[in-house]
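To start, the structure under review is shown below, and the notes come after it.
Each value in this text was obtained by applying a stated rule to the coordinates, not by laboratory testing. The structure presented is a predicted model; accordingly, all values stated were derived computationally and were not measured. Reconstructed Cβ throughout: ideal geometry from the backbone, glycine too, with neighbour counts over all protein chains shown.
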Amino acid sequence: MKPYSESCDQNRRPILEVLKREIAQCRRLLEIGSGTGQHAVYLAGEFPELAWQTSEVPAMHEGIHAWLADETAPSNVLPPVSLDVCKDPWPETQYDAVFSANTVHIISWPQVECLFSGVGKVLEPDGVFCLYGPFNYNGCYTSESNARFDLWLKQRDPLSGIRDFEVLNALAETAGLKLKKDYEMPANNRILTWLKAC
């Protein structure tokens with residue numbers, strides 16, 4: 001049975017609208033933390049010229065394969081590679097786009113650092129990194145619902161939690177990325193986009 005995430009269905013269209021602006025000309029995309037695989041199957045179908053590389057920790061691969069086996073899955077989605085951002089070797093392939101949704105508030109802070117460092121290595125000059133999720137600004141929550149969500153995250157795993165935009169942007173700059181745009185999204189989420197410096 002295919003795993004299912006309701007939030008993937010809820011946020012996929014707003015994410016698609018941003019990606020249409022950001023990755024329309026891209027040809028090789030790495031998705032970090034593909035989760036169930038739903039985002040890859042839906043979003044990649046809108047970019048038929050794009051090779052969409054899924055990645056996840058091995059425990060999640062079975063579910064992604066189930067989505068890719070569906071007869072409606074687009075042919076440009078590639079089977080998942082194993083990627084624990086701190087433990088596994090990153091792909092040797094260079095990408096002109098990297099996408100990640102709902103990851104940095106789930107993983108630990110050392111893993112967030114590894115993620116940005118890895119993106120800086122696999123992204124081509126002028127490539128774009130699109131990061132979706134909730135973020136704090138100037139150390140403050142953007143909504144009461146995000147504050148409650150952060151509390152729930154930390155009760156479940158003290159190493160997780162909503163991250164501060166300013167600190168993430170500093171990591172991005174260290175990795176050779178420059179902020180391009182900060183998109184407001186539904187349900188108090190954002191998409192942050194960075195460009196790899198030439």
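Here are a few things to note about the model shown:
- Under the simplified labelling scheme, the residue 7-residue 82 pair shows an inter-label distance of 2.6 nm, with each label point 7 Å from Cα along Cα→Cβ.
- For the stretch 6-196, the relative contact order comes to 20 percent (Cα pairs under 8 Å, sequence separation of at least 6).
- Helices of the chain meeting both criteria, an alpha-carbon length of 15 angstrom or more along the long axis and an average Kyte-Doolittle score not below -0.5, with helices taken as full DSSP H segments, are 109-122.
- Least to most buried among 165, 99, 135 (fewest other Cβ within 10 Å first): 165, 135, 99
- Under 17 Å from residue 178, Cα to Cα: aspartates and glutamates that are on another chain or at least 8 residues apart: 22, 96, 113, 124, 126, 164, 166
- Rule-of-thumb Rg ratio for the stretch 106-198 [Cα; 2.2 N^0.38 Å; N residues]: 1.10
- Binned Cα-Cα distances of the chain, short to long, each 10 Å bin given as a whole percent: 9, 37, 40, 13, 0
- Helix-derived mean residue ellipticity, 222 nm - over the chain, DSSP H n ≥ 4, -39500 (n - 2.57), to 500: -10500 deg cm²/dmol
- A Cβ-based charge dipole, computed about the Cα centre of the stretch 1-115 with Lys and Arg at +1 and Asp and Glu at -1, lands at about 180 debye.
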